[in-house]
Amino acid sequence: MLLFGHPLVESPLFYHINDVDAILHTPPSSLLYLENVVDDKDIIDYCNANSLNYGIYAATLLEAILAHNLQAAYIIVPKELAKSAQNIAQEYLFDAKILVPINDEEEIEELALLGIDGAIFMAKSIVKVSS
């Protein structure tokens, strides 16, 4: 199980960008974070054209499926969609990992028992970048 933002586990940061220009203000080989499959399509296209890894928030199962088809490395889904999204990811052999935002490390065990790929402490894992 992957853990992002846990104080005892070293993990890469996600850099939250709102446009392509903001990528210039991130470290080389950064892991980017996007919030919306539809609204961020131009950024997604840029990332894919330039082999940049990104994670994207998917509020619905449709968005999770679209994110996979758009080559996201990580798909972050709300806890209530976690099991369904993970089942779909396993059934269709997604390359992307399913992550669930958490606030407390006690939630890790619950997600592990559900077979979720990983958990992310959003406040500690995402750095906001502006262009």
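Per residue, the Cα convex hull of the chain amounts to 97 Å³. The charge dipole of region 2-128, taken about its Cα centre with unit charges on the Cβ atoms of Lys, Arg (+1), Asp and Glu (-1) only, comes to about 180 debye.
Straight-line cross-link reach from residue 97 at under 12 Å between alpha-carbon atoms covers these aspartates and glutamates, not counting any fewer than eight positions away in the same chain: 117.
Once amide H atoms are placed 1.01 Å from N in the peptide plane, what residues at a sequence separation of 5 or more from residue 97, or on another chain, have their amide H within under 5 Å of its amide H? Residues meeting the amide H criterion: 74, 75. Annotation for residue 73 and residue 38: the two label points, set 7 Å from Cα along the Cα-Cβ direction, are 2.7 nm apart.
Values in this text are rule-based calculations from the coordinates and carry no lab data. Only a predicted model underlies this, so the values are computations on that prediction, with no experimental measurement involved. Here Cβ is always computed from backbone atoms with ideal geometry, including for glycine, and neighbour counts include all displayed protein chains.
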